[in-house]
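Novice: Quick one: this structure, given as structure tokens, is what I'll be asking you about.
The values are calculated or read from the model by the stated rules, or taken from the named source; none is laboratory data. Everything numeric here is computed off the predicted structure, so don't read it as measured data. All Cβ positions, even for glycine, are placed from backbone atoms using ideal geometry, and neighbour counts span all protein chains on display.
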């Protein structure tokens with residue numbers, strides 16, 4: 001993630017507007033009555049906030065204000081759906097700001113990078129898969145989980161590099177091969193963590209995953225008479 005010192009004033013303001021607008025849209029799409037009435041969903045929501053907060057504490061900080069950490073939003077998005085995932089990520093991010101680990105001025109930009117982009121990529125991958133109405137459980141785990149998280153990490157990385165290049169704080173990679181190396185470096189760890197999380201959820205607690213069609217993926221095989 002980025003500190004405010006790496007960003008221009010225009011970027012900071014634009015990030016706040018874009019992320020603030022997305023958050024307001026998410027808040028408007030949440031069924032608050034259902035959330036208040038469903039204690040299990042409340043526990044999943046609060047647990048997701050805590051899990052994201054702890055995951056983001058495992059980070060590598062550099063002296064120039066750049067920070068690397070896992071995202072974890074793919075699992076949360078599949079479990080809670082996009083609107084609640086966006087709010088959960090925002091609460092976890094506010095916790096990072098409260099501890100002084102994130103710049104408050106960069107709240108919008110970091111929200112776009114670590115929350116909004118992974119949520120959008122995950123939703124896009126999940127909806128693409130649902131167009132084909134698959135029944136194979138592994139397709140859900142690998143496409144909606146592993147590959148969605150991998151591409152989300154790449155999207156976040158490329159967006160961050162683009163912002164740094166825009167602000168004059170980054171020299172673009174010297175070759176496509178170097179850029180590919182960066183992409184591979186962030187893809188597989190993020191994909192593995194989220195893929196394992198999704199696999200564990202759909203195997204042990206499929207009812208917790210909002211976007212998982214239990215009737216279709218876990219249907220009993222049809223036995224034909226000999």
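Novice: Is segment 200-218 home to any residue that is surrounded by 12 or more Cβ atoms within 10 Å (Cβ to Cβ) and either in contact with a strand residue (DSSP E or B) (Cβ under 9 Å, 6 or more places away or on another chain) or at pLDDT below 85 (or both)?
Specialist: Yes, segment 200-218 contains a residue that is surrounded by 12 or more Cβ atoms within 10 Å (Cβ to Cβ) and either in contact with a strand residue (DSSP E or B) (Cβ under 9 Å, 6 or more places away or on another chain) or at pLDDT below 85 (or both).
Novice: Something else about it: I'd like the full set of residues that are touching a residue at least 60 places away in the same chain (Cβ under 8 Å) and surrounded by fewer than 22 Cβ atoms within 10 Å (Cβ to Cβ), limited to segment 93-103.
Specialist: Once the filter is applied, which keeps residues that are touching a residue at least 60 places away in the same chain (Cβ under 8 Å) and surrounded by fewer than 22 Cβ atoms within 10 Å (Cβ to Cβ), segment 93-103 yields only 103.
Novice: Can you give me the ranges of the helices (runs of 4 or more DSSP H) entirely in segment 123-226 with at least 3 residues that are within 15 Å of the chain's Cα centre (by Cα)?
Specialist: Of the helices (runs of 4 or more DSSP H) lying wholly inside segment 123-226, those with at least 3 residues that are within 15 Å of the chain's Cα centre (by Cα) span 148-167, 176-204.
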